[in-house]
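Enquirer: Handing you a structure now.
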Amino acid sequence: MSDQNSKQILWREEFSIGVPSIDDQHKRLLALLNQLNSFDHDQAIGDPQASPLMEMLENLNEYAAHHFLNEEALMREHLAPDEKTVNHIVAHRSYWTIILTLKNRLLKGDAKVNRDLVEYLNGWWINHILMTDQEMGRELSRRGVE
Ligand SMILES: [Fe+2]
C-alpha cells in the first residue's frame with residue numbers, strides 16, 4: 001500500500017545559497033528527507049527500533065551531523081564569530097534536541113509521531129536552508145568561498 005499523502009521536496013533555485021559545495025550537501029539531505037517522505041505512515045510499525053522509518057531517520061541524521069560540521073568549519077574559517085554565526089550554530093544544536101524528543105516518542109510507540117516527525121523535519125530543513133543558510137551563503141560568497 002502506498003502512502004497517498006507522500007510528498008517529495010524538489011530542489012528549486014531559491015534553495016541555492018551560492019556556495020556549490022553546501023548546495024550539493026543540501027541536495028543530498030533533501031534526497032534523504034524524501035525517503036522519509038515516501039514512507040507509508042499507515043503501515044504497521046512493529047518494533048520501532050527496527051522500523052524502516054528509524055533506519056531512514058538514522059541515515060538522515062548521520063549525514064546531517066557531517067553537514068553541520070562542514071558548515072560550522074566554513075563559518076569558523078571565514079566569518080566573524082558574531083551573533084549571526086553563534087545563532088546558526090545554536091540552531092544546529094537545537095535540531096538534535098528536537099530529534100531526540102521525536103525519537104523517544106517513536107520508540108514509545110506513539111502512532112502519531114510518524115507524521116509529526118516527517119512534517120517537522122521537512123519544515124525545519126526548508127526553513128533552515130531558506131533563512132539561516134542563505135544568510136551564511138551570502139557572507140561566504142562575498143568572501144569568495146565556493
Ligand atoms: Fe545550517
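Enquirer: Specify which of the listed residues (124, 96) is of a type in the set (Phe, Trp, Tyr), in a helix (DSSP H, G or I), surrounded by 15 or more Cβ atoms within 10 Å (Cβ to Cβ) and at pLDDT 95 or above.
Expert: Just a single option satisfies the conditions, and that option is 124.
Enquirer: Quick test for you: out of 105, 143, 115, pick the one residue that is more than 11 Å from the ligand (Cβ to nearest atom) and more than 30 Å from residue 47 (Cβ to Cβ).
Expert: Being more than 11 Å from the ligand (Cβ to nearest atom) and more than 30 Å from residue 47 (Cβ to Cβ) holds for just one of 105, 143, 115, which is 143.
Enquirer: Something else about it: Right, residue 141: free of Cβ contacts under 8 Å to residues at least 24 places away in the same chain, surrounded by fewer than 18 Cβ atoms within 10 Å (Cβ to Cβ) and outside any loop (DSSP other than H, G, I, E, B) or not?
Expert: Answer is no for this residue.
Enquirer: May I pose another question? Could you please give the count of residues in region 48-71 that are away from the ligand (no atom under 16 Å from the Cβ) and touching a His at 6+ places or on another chain (Cβ under 7 Å)?
Expert: Matching residues across region 48-71 total 0.
Enquirer: I've got another one for you. Which pairs do you get when a residue that is within 17 Å of residue 65 (Cα to Cα), found in region 88-110, comes within reach of a residue that is polar (S, T, N, Q) and within 11 Å of the ligand (Cβ to nearest atom), reach meaning Cβ atoms under 7 angstrom, with the pair 6+ apart or on two chains?
Expert: 88/132; 91/132
Enquirer: Here is a follow-up. Would you confirm, using the coordinates I've provided, whether residue 74 is more than 11 Å from the ligand (Cβ to nearest atom), in contact (Cβ under 8 Å) with a residue 60 or more places away in the chain and surrounded by 11 or more Cβ atoms within 10 Å (Cβ to Cβ)?
Expert: Numbers: more than 11 Å from the ligand (Cβ to nearest atom): no; in contact (Cβ under 8 Å) with a residue 60 or more places away in the chain: yes; surrounded by 11 or more Cβ atoms within 10 Å (Cβ to Cβ): yes.
Answer is no for this residue.
Enquirer: Would you mind finding the one in 14, 55, 62 that is part of a helix (DSSP H, G or I), surrounded by fewer than 16 Cβ atoms within 10 Å (Cβ to Cβ) and in contact (Cβ under 8 Å) with a residue 40 or more places away in the chain?
Expert: Answer to the selection: 14.
Enquirer: Restricting the search to region 111-131, which residues are within 24 Å of residue 58 (Cβ to Cβ) and in contact (Cβ under 8 Å) with a residue 24 or more places away in the chain?
Expert: Correct list: 111, 114, 115, 117, 118, 121, 122, 124, 125, 126, 128, 129.
Enquirer: Then there's this: Only residues that are out of contact with any Gly (no Cβ under 9 Å at 6 or more places or on another chain), among the aliphatic types (A, V, I, L, M) and in contact (Cβ under 8 Å) with a residue 24 or more places away in the chain: list them for region 17-51, please.
Expert: Correct list: 29, 30, 32, 33, 36.
The values are calculated or read from the model by the stated rules, or taken from the named source; none is laboratory data. Since the structure is predicted, the reported quantities are computational estimates derived from the model, not experimental observations. All Cβ positions, even for glycine, are placed from backbone atoms using ideal geometry, and neighbour counts span all protein chains on display.
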